[in-house]
Amino acid sequence: MSALTLRLRESMPAAIDVSHLVPERLAELGVGRIAELPLWCGSERLRVDEVFEVSGDDTESLVFEADAPTLQGVGYRMARGTITVNGPTGAYCGWKMRGGKLTVRGDAGAYAASGMRGGLLSVEGNAGDFLAAARPGERYGMEGGVVLVRGNAGVRVGERMRRGSVLVEGSVADWCAARMRAGTIGVLGDTGAGLGWGMRRGTILLAQPPELLSPLFRENGEQRLSFLALLARSLESLQTPFTDLLRATATVRRYVGDRSVAGIGELLLLDGKSLS
Amino acid sequence: MQINGVQIEDTYAEAFDMRATRMIITGPDATWAMHAAQAMTGFATSVIGCGCEAGIETTLAPGQTPDGRHGVSVLMFAVSSKELGKQVSNRVGQAVLTAPGSAIYAGLEGKRRIPMGKQLRYFGDGYQISKVIDGVRYWRVPVMDGEFLVQEDTGMAAAVGGGNLIFLARSQEQALRAAEDAVAAMRRLPNVIMPFPGGVVRSGSKVGSRYKALMASTNDAYCPTLRGVSERSQLGPEVGAVLEIVVNGLTPEDVSSAMRAGAGAIADRGADGGVLKITAGNYGGKLGRHHFHLREILA
């Protein structure tokens, strides 16, 4: 069996909603009927084979070939199998994802991993704004699983997130971990303004001291935390520099906040240096 | 049947169904991990008076533990899942939480779970932190030397308790030497513990007593000082002392392997080492589901 591949025939001006094209739903349907499935492109209702060239037959391993960020809702509620996007994706990639593995070999749009509950979302390029964040009106952002971004991420990474791990190997923009409830966010590069604003619980792992940190994050001193070893072990298979960094870290410099909301979230500086 | 001049009695050890769990205790070094494990498995020789039977299964190198520190693997057995849960909570709370630098993790998988950190987290008085890593919940409880890391719960398994070997020797010292050999051989095996002091018990009991309030009393049949006094005495004039090793294991096969290793080590001492006979304790087969026949095990 070869991966079920959907190659975009031509760039579309509108977003293409592919949220229903996930392994467990396609498996129920059978390969033959996938071509005739309806597909919304903007306000126009088309068929899958009008938009994509369909080949392959393994519904557990789905591949999208796209050269423009028009695919919206890739991997929506997916629970198993793998989806690979060779190219960029639009918004809501991995939205409410529950399991399996979703890989984007390009950039991901806004709200990636929003409401995600399980599985692994791997973005090899950059992620847009609101990565793992709550949508307006929603109580929580990401609620489980692991997100790995090899590049940078936009504003409000992990806003209102409550469980799971978001690892950004590049930098993040402003308001990272704002109003965070729990979970783990790691950043190897720079962080912007408003880091951890209104954070109640959860962990921010930083490879380098933030340029700006609210004084309402209180210096908590040098700590030796056993759970970091468990975290390092859980990341082993991802082949990310976070693993070695965590392994090499005996003690961390810890800041606790945001005390303006009586938060006991933590910011851990993995290089052990204190804020200058 | 005789091995090395040691008589193997045609009898069996009668063992019972129990509930068990394994926990991995880690510490800042091997010594402190062991302190925690010893405290946790202390006073856990018999369910009759201790609530559970527990022991150290093995020590673990840093590469073998979840957090990469020195560790000790502990097995705990009780008569019911409810009692096991109570004992795990009490003992982790009093012996592991209290030990400097310690952390504790589940050592058994499985759907049936026994709460471990689930209750203990409240010691954190609201400052405790939950971390879910790979779908497993851990609690970080602030303590005076940092954080106590405890897994939410541990797996429970059906297990077997009460496998035993009873052996007769010419003198107490010869009985003790044989016991030491046997326990050393049995400790090399996984999935079993010998819950009594040093793995050995000298106060074997029988069911019932002449005192109404007591359910069990001394096993007069094997007490050398009651030879010629008790009608039930099984001891000839050559017997100086009798000792017993009790073994609990996760499966009947584990208990049987341990009994084979132990009986083999005792028989290796041989008649020259003062060992006269190996037998086993049972209650006529009515109380326990598992029967370990000595001659089959040693065949």
Rounded to one decimal in nm, the spacing of the 7 Å Cα→Cβ label points at B:Glu83 and B:Gln38 is 2.7 nm
Positive end of the dipole of the protein assembly as shown, charges at C-beta (+1 Lys, Arg; -1 Asp, Glu), about the Cα centre: which of A:Ser61, A:Ser11, B:Gly110 has its Cα farthest in that direction? B:Gly110
Relative contact order of chain A, defined on C-alpha pairs under 8 angstrom at six or more residues apart (%): 10 percent
Debye calc, one equal point scatterer per Cα of region B:161-273, no solvent, log10 I(q)/I(0) at q = 0.16 1/Å comes to -0.76
Protein chains only, probe 1.4 Å: how do B:Arg295, A:Arg47 rank by accessible area, largest first? A:Arg47, B:Arg295
Neighbours of B:Asp181 by Cβ distance under 10 Å: Lys/Arg at +1, Asp/Glu at -1, summed charge 0
Sorting A:His20, A:Gly164, A:Gly42 by the position of each Cα along the dipole of chain A (Lys, Arg +1; Asp, Glu -1; all at Cβ), the one nearest the positive end of that ordering is A:Gly164
If one takes the longest principal axis of the Cα atoms in chain B, at what angle in degrees, from 0 to 90 and to the nearest 10, does the Cα axis of helix B:252-269 lie? 50 degrees
Accessible area of A:Asp58, 1.4 Å probe, to the nearest 10 Å²? 30 Å²
Nearest-20 debye value, region A:139-276 charge dipole, Cβ charges on Lys, Arg, Asp, Glu: 560 debye
Please identify which residues in region B:95-133 have an amide N closer than 19 Å to a label point set 7 Å out from the Cα of A:Ala262, following the Cα→Cβ vector. B:122-130
Output ordering of A:238-245, B:174-181 (per-residue mean of other Cβ within 10 Å, highest first) is B:174-181, A:238-245
So what is the relative contact order for region A:157-254, in percent, with contacts set as C-alpha pairs under 8 Å and at least six apart? 21 percent
Test item: A:226-236 mean partner chain Cβ contacts at 10 Å: 6
Using a 7 Å offset from Cα along Cα-Cβ at B:Ser171, what residues in region B:253-277 end up with backbone N under 11 Å from the label point? B:274
How about region B:206-299: which GluC sites (Glu not before Pro) there are in a DSSP loop, with at most 13 other Cβ atoms within 10 Å of their Cβ? B:Glu231, B:Glu238
Enumerate the residues in region A:128-144 having an amide nitrogen under 12 Å from the point lying 7 Å beyond the Cα of A:Ala193 toward its Cβ. none
What aspartates and glutamates does B:Lys286 reach when the alpha-carbon gap must be under 16 Å and sequence neighbours fewer than 8 apart in one chain are set aside? B:Glu14, B:Asp17
Tilt relative to chain B, helix B:81-91 - C-alpha long axis, 0 to 90 degrees, to 10: 70 degrees
So, counting K/R as plus one and D/E as minus one, what does the shell of residues with Cβ under 14 Å around A:Asp244 add up to? -1
Per-residue accessible area, 1.4 Å probe, largest first, puts A:Trp95, A:Trp175 in the order A:Trp175, A:Trp95
Around A:Met12, with a cut-off of 12 angstrom between Cβ atoms, what is the net charge of the other residues, counting Lys and Arg +1 and Asp and Glu -1? -4
So between B:Thr58 and B:Gln94, what do we pick up on full extension, going 0.36 nm a residue minus the alpha carbon distance? 10.8 nm
Once both labels are modelled 7 Å past Cα along the beta-carbon direction, what's the B:Asp10-A:Ala250 spacing in nm? 6.6 nm
Given B:Gly55, B:Met156, B:Val201, which one lies farthest toward the positive end of the charge dipole of chain B, if we put +1 on the Cβ of every Lys and Arg and -1 on the Cβ of every Asp and Glu? B:Met156
Going Cα to Cα from B:Lys118, which lysines come in below 21 Å? Please leave out same-chain ones fewer than 8 positions away. B:Lys82, B:Lys86, B:Lys131
When chain B is treated as a GNM, springs tying every alpha-carbon pair under 10 Å, which of B:Ile166, B:Ile245, B:Ile48 comes out with the largest mean-square fluctuation? B:Ile48
In whole percent, what relative contact order does region B:47-150 give with Cα contacts below 8 Å and a gap of six or more residues? 19 percent
State the volume of the convex hull built on the alpha-carbon positions of the protein assembly as shown, expressed per residue in Å³ and rounded to an integer. 184 Å³
Using θ = phi - 60° and Karplus 6.51 cos²θ - 1.76 cosθ + 1.60, couplings along region B:235-240 (whole Hz; Gly, Pro as x): 9, x, x, 7, 7, x
Using all alpha carbons of region A:37-158, what is the percent of pairwise distances in each 10 Å bin, ordered from the shortest bin to the longest? 15, 47, 31, 7
Under a 1.4 Å probe, counting only protein heavy atoms, B:Cys50 has an accessible area in Å², nearest 10, of 20 Å²
Efficiency of FRET between A:Arg201 and B:Met144 - r from beta-carbon atoms, R0 30 angstrom, step 0.05: 0.85
Quantify how strongly other chains surround peptide B:140-151 by giving the mean number of their Cβ atoms within 10 Å of each of its Cβ atoms. 2
Sum of -39500 (n - 2.57) over DSSP H runs of 4+, divided by residues of chain A (222 nm, nearest 500): -2500 deg cm²/dmol
One quarter of the convex hull surface, Cα atoms only: what value does that give for chain B in nm²? 16.9 nm²
Within 10 Å of each Cβ in B:124-135, how many Cβ atoms from other chains are there, averaged over the peptide? 5
In whole Hz, the Karplus estimates of ³J(HN,Hα) for region A:83-100 (6.51, -1.76, 1.60; θ = phi - 60°; x where Gly or Pro) are 10, 10, 10, 8, x, x, 10, x, 6, 6, 6, x, 5, 6, 4, 10, x, x
How far apart, in nanometres, would the label points at B:His293 and B:Arg137 be if each is projected 7 angstrom from Cα along the Cα-to-Cβ direction? 4.9 nm
Solvent exposure ordering (accessible area, 1.4 Å, most first) of B:Arg260, B:Arg137, B:Arg91: B:Arg260, B:Arg137, B:Arg91
Using a 1.4 Å probe, how large is the accessible area of B:Lys277, given in Å² and rounded to the nearest 10? 40 Å²
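The values are calculated or read from the model by the stated rules, or taken from the named source; none is laboratory data. Model, not experiment: these values are computed from the prediction. Every residue, glycine among them, receives a Cβ derived from its backbone with ideal geometry; neighbour counts consider all protein chains shown. Areas reflect the complete protein model, heavy atoms only, side chains present, ligands, DNA and RNA absent. Shrake-Rupley method; radii C 1.70, N 1.55, O 1.52, S 1.80 Å.
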